[in-house]
Each structure stands twice: as C-alpha cells, then as structure tokens.
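Novice: One structure follows; several queries about it will come next.
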Amino acid sequence: MKVATALASAAIEPREARLLLAEACGFSEASVLAHPERELPAAAASGFAAMAARRRAGEPIAYILGRREFYGLMLAVSPAVLIPRPETELLVELALERRPSTVLDLGTGCGAIALAIKQVLPQARVVAVDASAAALVLAQRNAARHSLAIDLRHGLWFAPVAGERFDLIVGNPPYVAEGDPHLAQGDVRFEPRAALVAGPDGLESIRDIVGQAKNFLAPGGWLLLEHGLGQETAVRQLLASCGFDAIATWPDLAGIARVSGGRLKSD
Ligand code: GLN
C-alpha cells in the first residue's frame with residue numbers, strides 16, 4: 001500500500017494520520033508528507049491501520065503514541081495518568097517565577113510539573129507525590145529518561161510528606177464535577193477518573209489541599225493550584241479562609257482563569 005492510500009483510508013484527521021503513520025514506519029512526519037507515493041512495508045501498513053482504528057474509537061493520540069511533550073520535555077504517558085495539557089505550563093511558569101528552593105508537586109501523574117520545574121531549577125529539591133503507584137512508575141521512568149532527580153512518594157496529598165515544609169506547593173488536582181458533560185467527550189473519556197473528578201462541585205480535592213497546606217509550607221511559602229473554568233472565586237475564598245494572603249488568579253493562554261494561589265501569611 002502507498003503512503004497516500006494509507007493516509008486517505010484511515011478516516012481520521014490528516015495531521016493525526018501523518019503522525020501515526022510516521023510512528024508506524026519510523027519515518028519523520030515531514031518525510032511522510034514529502035513522499036506520498038512511497039510503498040509501505042506490510043508491517044508498517046498493518047501497524048498504522050491498528051493505530052488508526054484506536055484513534056477512530058476515540059482513544060487519545062498521546063495514549064496511542066505513549067508520549068506527550070510538556071514544557072519541552074518528551075514524557076511517557078499511559079492511561080494510568082492524565083495527559084499533560086498546554087495550559088498547565090502556566091502553573092510551571094508561576095512556580096519558576098518564585099525561585100523556590102524546595103517544591104512539592106501534589107498528584108504528579110507522569111511527573112510533568114515536577115520535572116519541568118526541576119529542569120529549570122536543578123538545584124531545587126523537588127518532591128512529587130501521587131496516590132497511584134502506576135503513575136509513579138511512569139514518573140520515575142520520565143525522571144530517569146531526562147536525568148532529573150526528583151523525589152517520588154506514594155500516597156494521598158500530604159500523607160507522604162508528614163513533618164516536611166516547602167517554599168512552594170503546586171498541583172493540578174482533579175477538579176471536574178461529577179456528572180460534568182465534558183467527561184463524556186474527547187480525550188477525557190479515556191483518562192483516569194481519579195485524576196479528573198473531585199466530588200459534586202469538583203472542589204473536593206482542592207478543599208483538602210488548601211485546608212492542609214499551611215502545615216507543609218515554610219514561612220511566606222506559596223500554594224499554586226490549577227483549577228477549572230469558573231472555580232476561581234471559590235478557590236480564592238478557600239485560600240483566604242485558610243491563612244493565605246497575596247491571593248491572585250492567573251489566566252491561561254485562552255484567557256480562562258486557570259491557576260489561583262496565595263502566600264502563607266507570616267503572623
Ligand atoms: N483540564 C482537564 C479537563 O478539563 C481537567 C484536569 C484536572 O481535573 N486536573 O479536561
């Protein structure tokens with residue numbers, strides 16, 4: 001089968017078809033594009049057909065390829081973890097601006113946030129926690145692949161860091177409300193529920209984290225959390241009632257209020 005025929009028969013978006021075909025052949029996307037008349041080896045054609053079928057069934061490209069780039073780092077991903085999103089890079093930027101020496105990443109998943117911070121601040125001590133052992137296996141693999149020494153711990157939120165304090169706590173916890181119609185659309189259908197859904201209003205995990213954070217922050221330390229559309233007022237109120245000042249919200253590139261945070265009051 002020729003490249004052009006395979007691409008046309010895949011019945012998925014052309015850009016995604018090229019990406020999957022390149023993966024199946026071991027060619028670059030540019031070379032797939034440049035040589036539509038090239039004859040595909042049978043194994044590549046059948047590998048591509050299998051990937052295209054998974055994509056037609058809705059499976060995210062990142063899970064089919066087993067990787068996704070985040071903040072310039074190519075990361076291994078699997079259905080055990082949320083797929084890193086471009087808007088989460090805002091959280092990394094805000095974290096880096098604060099030049100922390102010690103960082104805690106809550107719910108690290110494949111390690112995206114923790115590894116991005118460690119890459120830019122190699123002298124920082126970065127601890128990354130996840131309640132999923134399968135997620136930690138991926139995070140460990142990603143840390144090793146990029147030679148970034150982060151400290152991975154298994155447990156729910158602050159459980160694995162009892163008695164420790166950090167300059168900065170960051171997290172992209174689950175924040176989607178149970179029953180949100182968004183859960184039945186696109187990539188999220190394939191992502192782990194535990195990484196997405198947090199109670200009837202989506203704020204259950206954020207409430208847990210904000211409520212406990214002061215016990216794990218150094219004086220003047222910052223808490224920065226990603227949240228969903230329309231949650232900023234609730235998150236800011238929580239921060240205000242849990243001992244934080246300098247409370248602020250930052251928009252992502254789409255203009256959606258995406259991260260809120262504050263500094264622990266030093267009284
Ligand atoms: N941003 C994700 C979504 O809306 C949710 C991620 C999360 O819950 N942390 O699909």
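The values are calculated or read from the model by the stated rules, or taken from the named source; none is laboratory data. No experiment lies behind these values; they were computed from the predicted model shown. Using ideal geometry, Cβ is built from the backbone for each residue, glycine included, and neighbour counts are taken over all protein chains shown. What goes into the accessible areas is simple: the full protein's heavy atoms, side chains included, and nothing from ligands, DNA or RNA. Shrake-Rupley method; radii C 1.70, N 1.55, O 1.52, S 1.80 Å.
Novice: Among the aspartates and glutamates, select those whose C-alpha is under 16 Å from the C-alpha of Lys265, and discard any that sit fewer than 8 residues away in the same chain.
Specialist: Asp167, Asp245
Novice: May I ask for the longest run of the chain untouched by GluC sites (Glu not before Pro) that are loop-located per DSSP and have at most 14 neighbouring C-beta atoms (other than their own) within 10 Å?
Specialist: 38-177
Novice: Separate question: Divide the volume of the convex hull of the Cα atoms of segment 78-184 by its number of residues and quote the answer in cubic angstrom per residue.
Specialist: Per residue, the Cα convex hull of segment 78-184 comes to 106 Å³.
Novice: Thr233 accessible area, nearest 10 Å², 1.4 Å probe?
Specialist: It works out to around 80 Å².
Novice: If the cut-off is a Cα-Cα distance under 20 Å, which aspartates and glutamates reach Lys2, setting aside same-chain residues fewer than 8 apart in sequence?
Specialist: Glu13, Glu16, Glu23, Glu29, Glu37, Glu39
Novice: Also, I was wondering about something else. In whole percent, how big is the carbon plus sulfur part of the accessible area of segment 83-199, probe 1.4 Å, protein atoms only?
Specialist: 54
Novice: With only Lys, Arg, Asp and Glu charged, each at its Cβ (+1 for the first two, -1 for the last two), find how big the charge dipole of segment 85-171 is about the Cα centre; round to the nearest 20 debye.
Specialist: 220
Novice: Treating only the Cβ atoms of Lys and Arg (+1) and Asp and Glu (-1) as charged, compute the dipole magnitude of the chain about its Cα centre; round to the nearest 20 debye.
Specialist: 460
Novice: Quick one: putting +1 on the C-beta of Lys and Arg, -1 on the C-beta of Asp and Glu, what dipole do you get for segment 120-267 around its Cα centre, in Debye to the nearest 20?
Specialist: 380
Novice: What order do His154, His146, His182 take when sorted by accessible area (1.4 Å probe), most exposed first?
Specialist: Largest to smallest exposure gives the sequence His154, His182, His146.
Novice: For helix 133-145, report the angle its Cα long axis makes with the longest principal axis of the Cα atoms of the chain; keep it between 0 and 90° and round to the nearest 10°.
Specialist: Long axis of 133-145 versus the principal axis of the chain: about 80 degrees.
Novice: Would you work out which of Thr233, Pro100, Ser205 lies farthest towards the positive end of the dipole of the chain, given +1 charges on the beta-carbon of Lys and Arg and -1 on that of Asp and Glu, about the Cα centre?
Specialist: Projecting each Cα onto the dipole axis, the largest value belongs to Pro100.
Novice: Further, regarding this structure: Taking the Cα atoms only, what angle lies between the long axis of helix 204-213 and the longest principal axis of the chain, rounded to 10 degrees?
Specialist: The angle comes out near 50 degrees.
Novice: Work out the charge dipole of segment 25-77 with +1 on the Cβ of Lys and Arg and -1 on the Cβ of Asp and Glu about the Cα centre, then indicate which of Pro36, Leu65, Val77 is farthest towards its positive end.
Specialist: So the residue furthest toward the plus end is Val77.
Novice: May I ask for the equivalent-ellipsoid semi-axes of segment 206-267, computed as the square root of five times each C-alpha gyration tensor eigenvalue and listed largest first in whole Å?
Specialist: 21, 11, 9
Novice: Could you tell me the relative contact order of the chain? Use alpha-carbon pairs under 8 Å, at least six residues apart, and round to a whole percent.
Specialist: Relative CO of the chain lands at 14 percent.
Novice: So, one more: Considering all projection directions equally, how large on average is the shadow of the alpha-carbon convex hull of the chain, in square nanometres?
Specialist: 14.7
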